[in-house]
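Notes for the one structure printed next.
No lab work stands behind these numbers, since they all come straight from the coordinates. Please read all numbers here as calculations on a predicted model, not as lab measurements. Neighbour counts run over all protein chains shown; Cβ positions are idealised from the backbone, glycine included.
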């Protein structure tokens, strides 16, 4: 089957397209007496049982518009958004991949979608079994014996993991004070460590963009609780000395934490548990395809070694000898709950569907992601600067060094890429690469799309040399032109006023 990829290159060369639908703001179309809903009148008091002091009075100046205006307002907004169903979404580190529709069908099955979290155990066997099966699958893929599914996202998974470390160290009589974090880490890592009560010490990367073993050896004192290591790191480079890293950390009685946000780079190919990892969070909404980036809630399960199992959040899903499932609240050493109920259950259904669809071929996810990232790297080599020349895994981080000498920044390049019909890559991250362009195509993109993206990026590089003003003024063809992002961030206006 042939696939045609339409790129709006012709549109990109015509920066004079007007907005075809200039309309007043929805607030400005408000009119007294307009109703935006169609519901039968209440036949009971509308505040029954609610103390009057808690009831809100009428909102002064509240927008009143018709139902058709409501529908058109939100439809118009949706059409101005970019989605993975429209084209390549190369956000590095965020893993914006296609979500198979079969996952959505499974999550919408009434037995899952309509399951009540307070339903009795006898009526919840299917939902409990699915959570138990997902935990078993994640344990197998990580090489770690137990998993908690409670964390709502990667950042909460990080916090859970460090709280587990803290609890384990407190049992020895000394929780320690410091967590080591490389300068290439995700920004949530230091935040999670601080939340757990630790101070953070940053480790500088070596010229290859990986952990410097000598620096780690000196920093790994008896006061260090853990090293939080992203594998592969945010440069898209695998820590090839990870066994030595684990040896150094464990020799001082510390724990090796793995930020598994980039697990899609080696899932089904290598197991973190065999690398010396003690605790690891994963992002179901990245590695295992569930909606991400506004498409749905996250989920950040945490896998642990046997020594940390007693401290897992309660309740855990357990299986009796007769094959039935139950929630175990009797965990006296647990760090407690992370959230109500089991977690974002719809994400569990989607993730298990994805894993089951691949079966023992799930290593294809990692191989495809790595192949695609390296294909883009080869296609843009020499056109954009690559600060760290180590082997790329699932993403590649270029910089605007060559283009900045022409007066064009990475932000300008990103805005111009929108004129070519592509969502920009992740910008200015990681911080150790000035003017970073972090590109992650994921495994779900085919060669025609990658070729079109490479062609657009090369064309923009040519424009930087021949028509830099064209790039600096981009985007030209989008409904909303360039905005003052710095001004917007410094002067937040979150409410419309007439």
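Observations, loosely collected:
- Diffusion coefficient, µm² s⁻¹, Stokes-Einstein with Kirkwood Rh over alpha-carbon pairs of segment 58-140 at 10 °C and 1.306 mPa s: 90 µm²/s
- Summed over qualifying helices (DSSP H, 4 residues or more, each -39500 (n - 2.57)) and divided by its residue number, the chain shows a 222 nm mean residue ellipticity of -10000 deg cm²/dmol.
- Principal axis dimensions, the chain - Cα atoms, whole angstrom, descending: 71, 67, 50
- Exposure proxy shown here: for 147, 302, 383, the number of other Cβ atoms within 10 Å sets the order, fewest to most, as 383, 147, 302.
- As a proxy for reagent exposure, ranking 132, 496 by other Cβ atoms within 10 Å from fewest up yields 496, 132.
- Prolate/oblate/rounded call for segment 115-361, Cα gyration tensor, a/c under 1.5 rounded: prolate
- Annotation: the residues 32, 202, sorted from fewest to most other C-beta atoms within 10 Å of their own C-beta, follow the order 32, 202.
- Dividing the mean sequence gap of close Cα pairs (under 8 Å, 6+ apart) by how many residues the chain holds gives a relative contact order of 20 percent.
- For segment 231-279 versus segment 348-400, the inter-centroid distance based on Cα atoms is 18 Å.
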